[in-house]
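For reference, the structure is listed below as structure tokens.
What follows is calculated from the coordinates using simple rules that are stated; it is not laboratory data. In this text, all values refer to a predicted model and were calculated from it rather than measured experimentally. Cβ coordinates were reconstructed from backbone atoms using ideal geometry, including for glycine residues, and neighbour counts include every protein chain displayed.
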Amino acid sequence: MIVNKNDSILNIKDLHVHYRTYDGFAKVLDGVNLWVGKGEKVGLVGEAGCGKTTTMRTVLRILPENAVVPKGEIFYHGEDILKMKPQKLNKVRTQGISMIFQEPAAALNPVFTIGTQMFDVIRYSDSGKGRSKEEIKELAVKAIGEVYIPDPERILNSYPGQLSGGMKQRICIAMAIVTERELLIADEPGTSLDVTILDQVHRLLRGLVEKKGMSLIMITHSLGVAREMTDRIYVMYAGNIVETAETKELFKNPLHPYTLGLLESVPRLTGGGVAEGIYGRIPDYFSPPKGCRFHPRCRLSEEKCREEKPLLKDVGDGHQVACFKVQGVI
Amino acid sequence: MKLSSYVIKRLLYSIFVLLGLSIVIFIIARVVPGDPARLALGPRAPQFAVDALREEMHLDKSLPVQYFYWIKGVATGDLGKSLITKRNVVEDIAEFLPATLELVLVSALFVIVFSIFFGALAARYKDTWVDSFIRVMAYTGVAVPSFVLAVIFLLLFGYIWPIIPVLGRLSAGIQPPPTITGLITIDSLLTGQLDVFFDALKHLILPALALAVGPLFQEARIVRSAMTENMGKDYLAAAVGFGMPDHVITGKYLLKPSLIPAVSVMGLDIASLMSNAFLVEVIFNWPGISRYGMEAMLRKDLNAISAVIIVFGLIFVLVNILVDLIVAYLDPRIRLGGRSS
Ligand SMILES: Nc1ncnc2c1ncn2[C@@H]1O[C@H](COP(=O)(O)OP(=O)(O)OP(=O)(O)O)[C@@H](O)[C@H]1O
Ligand SMILES: [Mg+2]
């Protein structure tokens with residue numbers, strides 16, 4: 001599916017997010033640009049700690065309290081989420097966007113039953129408002145069925161601690177889709193699961209999103225997973241989007257040196273962090289490298305890369321890349 | 001594990017705790033110097049009378065035999081006679097215990113309500129003056145024992161600013177309600193005597209506060225730190241992300257997990273309330289069991305001392321079972337012993 005950027009439902013522009021810590025400010029996001037079209041499935045790929053979760057938490061405004069957003073805009077249907085009044089923001093959360101958290105065990109409250117938590121998700125969602133207890137329960141049971149968990153009654157009466165990791169993951173998915181949302185953000189669904197279950201979860205997710213006509217942002221370490229799941233891919237490195245293209249195009253014609261490095265590690269299904277193709281580690285966010293944040297690890301880096309920050313530039317057909325070498329500037 | 005079997009296990013365990021306690025009390029009561037029979041009869045009583053009393057109290061037997069007599073009595077509800085009041089100790093306890101229970105219950109209520117209130121407040125206004133104030137109060141609470149606070153209250157409200165009664169359970173002109181539970185506030189409510197109820201309540205406030213202030217602010221700190229810690233949890237961010245209203249997030253999804261550590265400590269607080277009640281009752285002239293126990297100790301009234309300690313031990317054990325049950329109710333991870341999370 002090809003969607004014009006002007007029809008985007010979510011459009012993140014030049015987003016900066018810093019974390020205040022005892023050691024100073026960790027300048028994590030450094031101008032993220034990302035948009036999602038209606039019904040589009042996009043992947044956000046990058047190694048551990050590059051800021052994927054941070055970006056998505058900013059979208060829902062659920063950042064940890066030591067986070068600051070010095071700069072940037074997040075347009076949702078043309079309105080900046082970061083400037084929204086509580087009521088508008090609530091609309092975004094209750095009918096616009098829902099999120100599946102990276103750690104299902106941590107995302108479920110350990111001292112309430114699945115039922116209690118799920119019913120509240122429905123009750124306070126836009127399409128669940130004012131529904132009777134029976135209707136709410138019916139919706140919950142239906143959603144649990146949709147993620148292929150048998151015996152929903154028992155599940156509703158269970159506490160998270162009584163469920164396996166895979167079940168918790170499915171419950172988190174069920175909660176995110178139980179009432180209508182336009183966009184689903186799935187943060188690495190299944191990293192804690194073994195490979196076969198992981199695969200099932202991915203297929204399940206994809207099926208649900210297509211069935212419900214939702215847009216999807218799929219966060220993952222692995223380009224391989226993104227290839228299976230998405231129409232378009234964003235490659236992220238150290239708080240920057242370094243390349244984006246339609247999935248097919250990206251695999252056919254990868255441009256950024258970081259993307260190339262990642263591709264060398266594609267056969268690996270579970271992202272374990274640093275790809276073999278790239279030497280070194282993600283930079284220190286307290287004093288990030290000047291210029292292109294990737295330059296210390298880049299085989300091609302030159303003087304300009306160390307001095308100036310490359311911005312995303314179109315190289316044709318919506319394929320964008322942030323690299324002086326590729327853009328032919330050097 | 002089922003809740004009922006959990007309770008049964010706890011109760012069985014408590015019996016052993018109480019038995020152990022009874023042995024310790026018994027030994028302590030017997031090894032302190034001085035002859036109880038002599039103390040009871042006074043220095044001028046003839047030796048044969050003392051000997052007769054010794055025999056009656058089984059003091060002439062070996063310690064294990066004495067213990068056996070005593071524990072048999074305890075098990076059948078016969079704690080012997082008090083040497084001072086010359087009545088059955090059980091009667092004395094029935095008379096004095098309700099006053100203490102009322103005092104401790106009211107101060108426990110203060111602790112529970114205000115610790116949650118101040119704890120939530122400190123968490124909500126973390127790192128502001130509200131938070132600092134509560135922190136300072138917690139330190140002060142640790143540093144200032146309740147009896148010092150009691151004396152301060154007594155001076156302040158007894159002499160300088162007498163807006164609230166400082167002595168006894170009721171004002172002079174007021175007739176106590178008929179004894180139903182022995183707790184004047186409850187009895188007066190049951191018999192519909194509102195004026196008595198409010199008078200009793202006024203008398204309760206200062207001693208209960210003197211007892212409560214220390215544990216209250218420490219509990220508040222526990223609630224506060226649990227809340228601030230849980231605020232950073234993913235499940236809370238998830239609830240916010242789903243657009244749930246503030247009162248549901250704070251009052252439900254944040255409060256319940258945050259109460260668990262505070263409630264766990266509360267069982268110990270009750271113990272400190274009861275032991276602190278000893279001095280506070282003396283200061284506020286509160287006719288409770290602590291004062292009775294103090295007197296018994298000074299006069300070496302063995303049966304009374306043992307009974308008071310046994311009753312305290314029993315209350316402590318029961319309170320802790322109750323606390324464990326509340327914790328198990330709040331925390332399914334304990335109740336169900338499920339997978340680790
Ligand atoms: N509350 C916080 N305080 C300080 N630093 C933080 C905080 N949260 C995240 N960070 C830092 O921000 C960086 C990005 O974190 P983020 O969780 O967004 O990465 P990610 O791309 O989701 O990584 P992963 O693939 O491991 O989930 C990391 O270096 C992390 O240590
Ligand atoms: Mg993450």
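Here A:K71 and A:S132 are evaluated by their C-beta separation; at R0 = 45 Å the FRET efficiency comes out at 0.45. Model label sites at B:L336 and B:S62, defined 7 Å from Cα along the beta-carbon direction, differ in position by 5.5 nm.
Going by the alpha-carbon gyration tensor, a ≥ b ≥ c the square roots of its eigenvalues, is the range A:130-237 rounded (a/c under 1.5) or, if a/c is not under 1.5, prolate (a/b greater than b/c) versus oblate? Since a/c reaches 1.5 but b/c is at least a/b, the shape of the range A:130-237 is classed as oblate.
Ordered by the count of other Cβ atoms within 10 Å of each Cβ, fewest first, B:Y139, A:Y285, A:Y22, B:Y125 give A:Y22, B:Y139, B:Y125, A:Y285.
The Cα atoms of chain A give a gyration tensor whose axes a ≥ b ≥ c have a/c of 1.5 or more with a/b greater than b/c, which makes the shape prolate.
In summary, the lysines within cross-link reach of B:K300, defined as a Cα separation below 18 angstrom excluding same-chain residues under 8 places away, comprise B:K81, B:K86. Convex hull volume of the Cα atoms of the protein assembly as shown, normalised per residue: 216 Å³. Panel values: the range A:132-175, Kirkwood radius from alpha carbon pairs, Stokes-Einstein at 25 °C and 0.890 mPa s, translational diffusion coefficient 233 µm²/s. Projecting the Cα positions of A:F251, A:G190, A:A174 onto the charge dipole of the range A:5-327 (unit charges on Cβ atoms of Lys, Arg, Asp and Glu, taken about the Cα centre) puts A:A174 furthest along the positive direction.
Any idea what log10 I(q)/I(0) is at q = 0.15, 0.17, 0.35 Å⁻¹ for the range A:210-252, Debye with uniform C-alpha scatterers and no solvent? These q points yield log10 I(q)/I(0) values of -0.38, -0.48, -1.33. When B:W286, B:W129 are sorted by how many other C-beta atoms sit within 10 angstrom of their C-beta, beginning with the fewest, the order is B:W129, B:W286. Which of A:K41/B:K252; A:K129/A:K248; A:K38/A:K248 have a Cα-Cα distance over 31 Å? As for pairs spanning more than 31 Å Cα to Cα, those are A:K41/B:K252; A:K129/A:K248.
Of the residues B:A304, B:A75, B:A94, the one that moves most in a GNM of chain B with alpha-carbon contacts below 10 Å is B:A75. Pairwise Cα distances in the range B:12-108 exceed 17 Å for 63 percent of all pairs.
Full extension of the chain segment joining B:Q175 with B:D51 gains 40.2 nm, where the gain is 0.36 nm per residue of separation less the Cα-Cα distance. Which shape class applies to the range A:52-145: rounded if a/c is under 1.5, otherwise prolate when a/b exceeds b/c and oblate if not, where a ≥ b ≥ c are the square roots of the Cα gyration tensor eigenvalues? The shape class here is oblate. Relative to the Cα centre, the charge distribution of the range A:60-202, modelled as +1 at Lys and Arg Cβ and -1 at Asp and Glu Cβ, gives a dipole magnitude of about 540 debye. Both the radius of gyration and Dmax for the range B:53-204 are 22.2, 68 Å, in that order, over alpha-carbon atoms. Residues considered: B:V240, B:V90, B:V17. Largest GNM mean-square fluctuation over chain B, using C-alpha springs under 10 Å, is found at B:V240. Taking other C-beta atoms within 10 angstrom as a stand-in for reagent exposure, B:I23, A:I100 fall in the order B:I23, A:I100, fewest first.
With both labels modelled 7 Å from their Cα along Cα-to-Cβ, the B:I8 to A:D80 distance reads 6.6 nm. Note on the range B:89-336: the C-alpha convex hull projects to 16.4 nm² when averaged across all orientations. Sorted from greatest to least, the principal axis extents spanned by the alpha carbons of the range B:228-298 come out as 63, 17, 14 Å. The label-point distance for A:Y279 and A:F251, in a model that sets each label 7 Å from Cα toward Cβ, rounds to 3.0 nm. Connecting C-alpha atoms closer than 10 Å in a GNM of chain B, tell me which of B:D324, B:D199, B:D51 has the biggest fluctuation. Evaluated over chain B, the most mobile residue of the options is B:D51.
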